[in-house]
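No value in this document is a laboratory result; all are computed from the given coordinates. Model, not experiment: these values are computed from the prediction. Neighbour counts are summed over all protein chains in view; Cβ atoms, including those assigned to glycine, are modelled from backbone coordinates with ideal geometry.
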Amino acid sequence: MTLPRIPFGKPFIVGKELFYIAQAVMSSSIAGDGVYSRKCQQWLEEHLGSPKALLTHSCTAALEMAAILADIGSGDEVIMPSFTFVSTANAFVLRGGVPVFIDIRPDTLNLDETLVEAAITPRTKAVVAVHYAGQPCAMEALKDICQRHGLLLIEDAAQAILAQSEGRSLGAIGDLGCLSFHETKNIICGEGGALLVNNPALIERAEVIWQKGTNRKAFFRGEVDKYTWVDIGSSFLPSELSAAFLFAQLEQAKRINAHRRALYGKYLSLLEPLAEQGMFGLPLSPGNRPENGHIFYLLCRTAEQRTALIAHLQQHNIAAVFHYVPLHDSPAGQRFARTAGALPVTESLATRLLRLPLYSEMTMEQVRRVCLAIQSFYQASR
Ligand SMILES: *Cc1c(COP(=O)(O)O)cnc(C)c1O
């Protein structure tokens, strides 16, 4: 008898999502910037500690807004890791910018802050800190570097909701922070995101860019008497249907993350004995904190072993997946970006990293089943 499939991830409903959607439909408008959008924005501002949150239809959109706010033009450089999702780089390439990839740290898999300064040139405008798996980048060091060189610090906090660094929420520390509510993230609404505008000097322009380049927000606040086109911009807003779904998830956000952290802790304790025998590596965050339990990964010894383990888990009806193909190795990365220095850690880890199932409705029993299947793989291959 085969056991039921354990997927890698799964969308979920936690509370009043459908009720709030019905409420939104019965109100006078389901376009963006309505009641639920504002409730979500207020929640984010209060719980993450940012002066301004703007909901977007994706984290990709929030990154595109960040690239406009950073005034990226042709040939301007943006320092970032190569081990990230395409949108981190694409948002700047769309403005004519050049992503400059540096290597990552082997413990957090985040950009190595000690390599940033050597990558700075007269064309550098910004640094993008991607918090992989919700683990914080070295924010104090990055802030210091950006301040000394006059660079904008942008956080790609797509995976990092409610994770913290030294008591401050990720996404709310740099000048700008970008969040994702895509269905693969911790808090979801299908497709969705938010831009946190932490630098007050950027708030006014962010609102204009968000509203298709118009001064619509200032007009409705009665600050100007004409509603007109004042800057570049686009339609970056989600509809109220997405915002209504999202608000129900935000209300339960702490509970969702607490469960994910518990699953993460279970994986860690069940897999530690095998890791101690040198079978694979485990996440090594400074202080070993699970943060928001976004991703649980193993570092296999070789790429071949990873392929064999994925196949073995597949036979046990368990879906485990690898992650990014480093962007500097991708066709578009080679066309539009460049590297600063060698990227040995990125290149090695990308071929060995394996993500295990982790989702909101997963049970401790399912974590145990995944770990038993992993144990049986290493017993058989001994
Ligand atoms: C998911 C993700 C994105 C893109 O988020 P969308 O909301 O799907 O646009 C960007 N960066 C990172 C690091 C991500 O994990």
Cα-based equivalent ellipsoid, the chain: semi-axes from gyration tensor eigenvalues, Å: 36, 27, 16
Cleavage-rule hits (chymotrypsin sites (Phe, Trp or Tyr not before Pro)) in the stretch 208-263: DSSP loop, at most 15 neighbouring Cβ within 10 angstrom: TYR227
Taking the C-alpha atoms of the stretch 1-51, convex hull volume expressed per residue in Å³: 150
Highest average packing first - 313-320, 165-172, Cβ atoms within 10 Å: 165-172, 313-320
For the stretch 178-225, convex hull volume per residue from C-alpha positions, Å³: 95
Between helix 17-26 and the chain: long-axis angle, C-alpha atoms, 0 to 90°, nearest 10: 20
Rough spin-label spacing in nm, given labels placed 7 Å along Cα→Cβ, for ARG338 and SER285: 3.5
Share of alpha-carbon pairs per 10 Å distance bin for the stretch 79-231, given as whole %: 11, 37, 34, 15, 4, 0
Reach of LYS212 by Cα under 17 Å, taken over lysines that are not fewer than 8 positions away in the same chain: LYS226
Per residue Cα convex hull volume in Å³ - calculated over the stretch 190-312: 200
Cα→Cβ-extended label distance, 7 Å offset, between ARG148 and ARG255, nm: 4.7
Share of alpha-carbon pairs per 10 Å distance bin for the stretch 196-250, given as whole %: 23, 41, 32, 4
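Report the calculated FRET efficiency for THR307 and VAL230 (r = Cβ-Cβ distance, R0 = 56 Å), to the nearest 0.05.
Numbers: r = 54 Å, r/R0 = 0.96.
With R0 = 56 Å, the Cβ-Cβ based efficiency is 0.55.
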Whole-angstrom Cα spans of the stretch 253-380 along principal axes, big to small: 46, 40, 27
Sorted largest first, extent of the stretch 100-171 alpha carbons per principal axis (Å): 35, 23, 18
